[in-house]
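The values are calculated or read from the model by the stated rules, or taken from the named source; none is laboratory data. Since we're looking at a predicted model, the values are computed, not measured. All accessible areas refer to the heavy atoms of the entire protein, side chains included, with ligands and DNA or RNA removed. Shrake-Rupley method; radii C 1.70, N 1.55, O 1.52, S 1.80 Å.
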Amino acid sequence: MKRWKRKNAAPSLFGALKWVLLWIGIALLCGAAITCFWDSARGMEFYAGYLIELSLSMDNLFVFLSIFTAFGIPEHARHRVLHWGILGAVVLRLAFILAGVAVVERFSWALYFFGALLIVNGLRMLGGKETEGAAADGVLMRLIRRAVPMTDRFAGDRFFVRERRGKRMARRATPLLGVLLLIECSDIIFAIDSVPAVFSVSTHPLIVYSSNILAVLGLRQLYFVLEYMAGQFRYVRCGAALILLFTGGKMLAVLFGVHLSTALSIAVIAVVLLMSVLLSLLSARFFRQPGRQGG
């Protein structure tokens with residue numbers, strides 16, 4: 001048991017950064033393989049889709065962090081929830097993407113609807129109403145408790161425990177399973193933004209799914225980087241909102257005969273993401289200095 005906890009303990013910042021860079025390297029190699037063995041245009045679409053998903057994932061990680069903090073989930077249990085949550089997302093994203101591609105192929109106007117949806121959600125994200133999100137999490141957890149028989153207390157990192165019910169032993173879920181289901185629900189809600197955003201650069205199922213999944217597979221390690229540096233990423237959510245507005249605007253621009261190239265989309269998204277990170281780091285350093293002087 002001690003060995004299991006040591007193996008699944010939260011990684012150090014340096015260790016998490018190494019894994020994040022490894023997953024980014026795998027994505028770069030995947031894009032290069034698509035370019036070499038398929039088509040350079042498809043390779044560009046993959047890179048654009050991956051960059052969109054990676055940038056929008058930052059906002060989803062803030063939601064994960066708020067859920068874990070609200071329920072007081074310990075570090076080793078967070079690691080396990082993220083592990084199973086990401087595996088679930090891999091399956092759910094496939095179903096979501098296949099359904100979305102089928103809708104777009106049958107109803108071409110759906111892309112314009114997705115574009116409008118992204119713009120609306122981008123504007124709402126700029127508003128930063130986190131209290132509404134917290135209230136929604138509470139409602140979802142109550143619904144989960146009604147659907148799944150659950151204990152009142154956590155049991156370490158276990159999803160199920162056996163309890164005595166009268167003369168019989170019954171298996172019941174712990175609140176940690178509720179947190180896992182809450183994470184899965186938040187990922188589904190998040191996919192409503194991220195998947196249509198990738199449709200702005202490609203509607204090919206393989207390109208959309210591979211770019212999504214490679215970004216999702218690196219989320220667990222990216223989460224621990226965010227957790228270590230959460231206070232230094234204050235403008236990343238704003239950057240994600242601007243990317244939603246840009247991708248939504250790109251979709252709607254087709255109505256007026258304006259077609260933005262994939263290369264331009266990659267450049268705009270990369271610049272917005274990089275600037276939001278740099279501004280966040282500079283802002284964190286700037287606001288830290290007055291506190292030291294005042295102390």
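Table for the structure above
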| item | result |
| --- | --- |
| log10 of Debye I(q)/I(0), alpha-carbon scatterers only, for the chain at 0.11, 0.12, 0.15 Å⁻¹ | -0.72, -0.84, -1.23 |
| Karplus-derived 3J(HN,Hα), 6.51/-1.76/1.60, for each residue of the stretch 243-255, Hz, glycine and proline x | 5, 4, 4, 5, 5, x, x, 4, 5, 6, 5, 4, 4 |
| Under the Karplus curve 6.51 cos²θ - 1.76 cosθ + 1.60, θ = phi - 60°, whole-Hz ³J(HN,Hα) for the stretch 182-192, x wherever Gly or Pro sits | 5, 4, 5, 4, 5, 5, 5, 4, 5, 5, 4 |
| Mean shadow area of the stretch 241-286, taken as a quarter of the surface of its Cα convex hull (nm²) | 3.3 nm² |
| Accessible area in square angstrom per residue, the chain, 1.4 angstrom probe | 54 Å² |
| Shape of the stretch 184-280, Cα gyration tensor, a/c cut at 1.5 | oblate |
